[in-house]
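Reviewing the structure listed below.
The values are calculated or read from the model by the stated rules, or taken from the named source; none is laboratory data. Predicted model only: the values in this text are computed from it and were never measured. Using ideal geometry, Cβ is built from the backbone for each residue, glycine included, and neighbour counts are taken over all protein chains shown. Each accessible area value is taken on the protein alone, full model and side chains, heavy atoms only, with ligands, DNA and RNA left out. Shrake-Rupley method; radii C 1.70, N 1.55, O 1.52, S 1.80 Å.
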Amino acid sequence: MVEFKESIRKADGVLIVTPEYNTGIPGVLKNALDWASRLPKDSVLIHKPFAITGATPGNGGTAQSQAQVRQTLLAMDAYTMPGPKVLIGRVHEKLNETTGEFDDDRTLIYLDRFLETFERLDPDLR
Ligand SMILES: Cc1cc2nc3c(=O)[nH]c(=O)nc-3n(C[C@H](O)[C@H](O)[C@H](O)COP(=O)(O)O)c2cc1C
């Protein structure tokens, strides 16, 4: 936990890539954020820029999981990039079977835009 918090403290920003469990945030991710937020006065999450994306085999593309991560980070006074939102549904149809990498052009365009926006976030927020 000490190393985990230190890696967040040193980072310019944190990218969360999450699955969705039963229309919500996976318990291990919630647990990790809860531990990282302690003690609240010295929390490494305060004003830390976050971006959230995720992929599911279902159609929803982690919409509800991402919304819950956003809610959790808001409670922790972190800053979450408002958009663009990238929700990757039916992910198993968008991956190259040999390399395991995305070979879906639209997904790659959305991911590029997402990462470029996160890189360009106001430096005062970092
Ligand atoms: C308990 C549990 C619930 C899940 N619920 C959903 C779901 O509601 N919709 C969905 O598309 N995928 C669901 N999945 C699949 C995950 O989104 C994910 O694709 C898969 O678990 C791989 O990620 P992981 O290895 O990090 O668990 C669920 C998986 C688990 C283990």
Any residue at all in the range 77-89 that's of a type in the set (A, V, I, L, M), within 25 Å of LYS5 (Cα to Cα) and touching a residue at least 24 places away in the same chain (Cβ under 8 Å)?
yes
Scan the range 59-100 for residues that are within 25 Å of ASP12 (Cβ to Cβ), open to solvent by 20 Å² or more (accessible area, probe 1.4 Å) and not in a helix (DSSP H, G or I) and jot them down.
MET76, ASP77, TYR79, THR80, PRO82, GLY83, PRO84, LYS85, LEU87
Identity of the residue in the range 14-30, open to solvent by 50 Å² or more (accessible area, probe 1.4 Å) and assigned to a strand (DSSP E or B), that ends up farthest from the ligand (Cβ to nearest atom)
LEU15
What pairs come out if I take residues in the range 14-27 that are farther than 14 Å from PRO57 by Cα and pair them with residues that are aromatic (Phe, Trp, Tyr) and open to solvent by 30 Å² or more (accessible area, probe 1.4 Å) whose C-beta lies under 8 Å away, six or more apart or interchain?
GLY27/TYR21
Matching option when the condition is more than 9 Å from the ligand (Cβ to nearest atom) and part of a helix (DSSP H, G or I), among LEU45, LEU33
LEU33
